[in-house]
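The values are calculated or read from the model by the stated rules, or taken from the named source; none is laboratory data. Just so it is clear, the structure is predicted and the values come from calculations on it, not from any experiment. Methodologically, a virtual Cβ is constructed for each residue, glycine included, from the backbone with ideal geometry; neighbour enumeration extends over all protein chains shown.
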Amino acid sequence: MDRHEKKDLARKMRPAGSYLDDLSDFADLLGTIRQAESAANELLKETASGREQAFMTGSPDSVPPKREAQRGDFTFDKAKNEKERAPELVKPEPNEICEDNNDREEKPLADLDALIGLDSIKQSVKSLINYVKIRKLREESGLPNPPMSLHMVFMGNPGTGKTTVARILSALYRAIGVLTKGQLVEVDRSGLVAGFVGQTALKTAEVVKSAIGGVLFIDEAYSLAPDAGGGNDFGREAIETLLKMMEDNRDDLIVIVAGYSEPMERFIAANPGLESRFNRYFVFEDYSSGELFEIFSSICSKSEYILTGDAEEFAREYFCELYQMRDQNFGNARYVRNLFENIVSAHSDRLSALDGHSREDLTTVLREDIEKAALM
C-alpha cells in the first residue's frame with residue numbers, strides 16, 4: 001500500500017471534521033471554495049443585466065424593477081385579489097362607504113314604496129327611520145337622547161304584508177347602522193318551544209343567537225302566552241328567555257312580534273316585561289277590493305298571464321264581493337295568491353283538451369278559468 005492509499009484509508013477512519021490536519025488538506029479545500037466562488041460570479045454575470053445587475057452587485061442607486069406576478073396570461077393584482085376573496089376584511093375608501101350606505105338605504109325604501117297599499121305603514125316606517133337618524137346625529141353631537149325601544153308589535157290579519165315589511169325594516173336598520181348584519185329570522189311557537197322541561201330555554205336561546213345583528217320575527221306570538229293562546233308553561237319559559245336575551249343584546253337585536261290584533265293585545269298585556277319592551281304598534285289593515293285586484297294583476301303580469309276584458313271585469317266584481325264578505329280570518333294577499341294558483345290549474349285543464357296550443361292560448365286567462373278557480 002503506497003503513501004496516498006494509506007492517507008485515504010486514515011481519512012475514512014477519522015470522525016467528521018478532522019480532515020484539516022495538514023497544509024495540503026487546507027490548500028485543497030481553499031481551491032475548491034475559490035472554484036465555487038468563481039463559478040457563482042460567472043453565473044451572476046450571465047443572468048443579471050441593467051438595473052437588476054446593479055442591484056445584485058450592491059450599487060447604492062439601484063432599485064429592483066417593479067414586476068407583477070403572473071400566472072399564464074392572468075396578471076395578479078394583490079389588492080384586487082384580496083378584496084374579491086374577503087371583501088369584509090378590506091376597508092373601503094370614504095366615498096365607497098357613502099355610496100354603499102346610500103344604495104343600501106335607497107333599495108329597501110324603494111321596495112317599501114313599491115308595496116301595494118299600506119299607506120299608513122309606509123309613513124310609520126319612514127317616520128321611525130327619520131327618528132333613528134336624528135338620534136344618531138344627536139349622539140354624534142354629544143347631545144342626550146331619551147330611552148328608545150325599537151322592538152315592535154305588528155297587528156293584523158294574515159296576508160297583509162307583515163313579514164315583507166319586517167324584511168324591509170331589517171335592511172333599512174342595517175343601512176343606517178342600527179344593526180350590524182340586517183338578517184331576518186322568522187319563527188313561530190314551534191321554533192321556540194320544546195316538549196320537555198329545560199329544553200325550551202336552550203331552543204329559544206339558539207334562535208335568538210341566530211338573529212343577533214338583525215331582526216327576530218315571531219309570527220303568531222300570542223300562542224306563547226298560556227292565558228292568551230292556550231299554551232303551557234313551556235311558552236312562558238320561551239318568553240322569559242326571550243326577554244333576558246333582548247336585554248343582553250339590546251344594542252344589536254330587534255324583535256318583532258306579530259299576529260291577529262286582539263290576541264296580540266292580550267299577549268303584550270299578559271307580561272309586564274313584554275309591555276315595557278314593546279311600545280311601538282303597527283296596525284296592518286285589510287286590503288281594499290281595489291288593492292286586492294291590483295295585487296292579483298301584478299301576480300298575473302309577473303307570470304305572463306293576460307286577462308281578457310270579460311275575465312278582468314269578473315275578477316273586479318269577485319274581489320269586491322270577497323272584500324265585503326270578509327271576516328276576522330280573511331287571508332288578504334295570501335288568498336289572492338291561492339286564487340291565482342287555482343286559476344293556473346283551471347287554465348291548464350282547459351288547454352289540455354285542445355289539440356294545439358298557440359302562445360296566445362298559453363298566456364290568456366278567460367272568465368271561465370276564474371269562475372272555476374273561485375269554486376276550488
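Annotations
Quick grid of which residues meet (1) farther than 25 Å from TYR131 by Cα; (2) out of contact with any Gly (no Cβ under 8 Å at 6 or more places or on another chain); (3) in contact (Cβ under 8 Å) with a residue 24 or more places away in the chain:
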{"site": "GLY259", "(1), (2), (3)": "yes, yes, yes"}
{"site": "GLU262", "(1), (2), (3)": "yes, yes, no"}
{"site": "ASN271", "(1), (2), (3)": "yes, yes, yes"}
{"site": "ASP286", "(1), (2), (3)": "yes, no, yes"}
{"site": "ILE295", "(1), (2), (3)": "yes, yes, yes"}
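- Test: GLU304 is among the charged types (D, E, K, R), in contact (Cβ under 8 Å) with a residue 24 or more places away in the chain, surrounded by fewer than 19 Cβ atoms within 10 Å (Cβ to Cβ) and within 22 Å of SER127 (Cβ to Cβ): no
- Contact map, region 344-371: first residue closer than 17 Å to GLU312 by Cα, second residue exposed (fewer than 12 other Cβ atoms within 10 Å of the Cβ) and modelled with pLDDT of 95 or more, Cβ cut-off under 8 Å, separation 6 or more or different chains; pairs are VAL344/SER303; THR363/GLU304.
- Taking the numbered list (1) closer than 30 Å to GLN328 by Cβ; (2) modelled with pLDDT under 95 in turn, LYS107 passes all entries but (1).
- Assessment of region 199-214 against the conditions (assigned by TED's automatic domain parsing to the domain that holds LEU109 and closer than 27 Å to GLY331 by Cα) yields no matching residue.
- Subset of region 164-207 (residues that are more than 15 Å from the chain's Cα centre (by Cα) and of a type in the set (Asp, Glu)): ASP188, GLU206
- Test: ARG104 is surrounded by 14 or more Cβ atoms within 10 Å (Cβ to Cβ) and either closer than 18 Å to ALA211 by Cβ or not assigned by TED's automatic domain parsing to the domain that holds ASP251 (or both): no
- The sole residue among ALA166, ALA221, ALA171 that is in contact with a strand residue (DSSP E or B) (Cβ under 9 Å, 6 or more places away or on another chain) and more than 24 Å from GLY273 (Cβ to Cβ) is ALA171.
- Flag for ARG250 being assigned to a helix (DSSP H, G or I) and either assigned by TED's automatic domain parsing to the domain that holds GLN123 or at pLDDT 95 or above (or both): no
- Top-ranked residue of region 274-296 - restricted to ones that are crowded, with 16+ Cβ neighbours inside 10 Å and more than 19 Å from ARG326 (Cα to Cα), ranked as farthest from the chain's Cα centre (by Cα): LEU274
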